[in-house]
Amino acid sequence: MALINKTKGFFISFLLGGAIGSVIALLYAPKQGKLLRNDISRKTNELIDDGRKKTSDIINGAKEFADSTLDNANEVLNTGVEKIARKTEKVKEAIKSGVNKYKDEINSGNNQKSSDLENAENIRRERS
């Protein structure tokens, strides 16, 4: 933004200096009043057109810069979102794997308890 302000200030100073210089040069030129006024009017219109053209160029350059910056920001954001999605998927898979492993351990523990109960029942029957 500072670059745009500096550039804008430079062009305004340039145009102002050019306008003042043109008016002074015309005033010192040996011409009739009507011709001098026509020359001043023509030069003023040229300077206004140049100013509009340069202003348009500056605005277009700023728009292009803003669009480019916005595109880069969107690209970085999308890349970050994709990374987060991949990491989230890995965490989900790890949790699911852990839950399945836990369930397997619980089931094998329950099977062991059933087996222990059956053995105890068999031993009690043998003793009776």
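The values are calculated or read from the model by the stated rules, or taken from the named source; none is laboratory data. If you're wondering where the values come from, they're calculated on a predicted model, not measured in any experiment. Cβ sites come from the backbone with ideal geometry, for glycine too, and all protein chains shown count toward neighbours.
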Sole exception among (1) in contact with a helix residue (DSSP H, G or I) (Cβ under 9 Å, 6 or more places away or on another chain); (2) without any contact (Cβ under 8 Å) to a residue 12 or more places away in the chain for Lys54, by number: (2)
From the options Asp104, Asp116, Asp67, residue that is of a type in the set (Asp, Glu), modelled with pLDDT of 90 or more, part of a helix (DSSP H, G or I) and surrounded by 10 or more Cβ atoms within 10 Å (Cβ to Cβ): Asp67
Within the range 16-38, tally of residues that are surrounded by 15 or more Cβ atoms within 10 Å (Cβ to Cβ) and at pLDDT 80 or above: 1
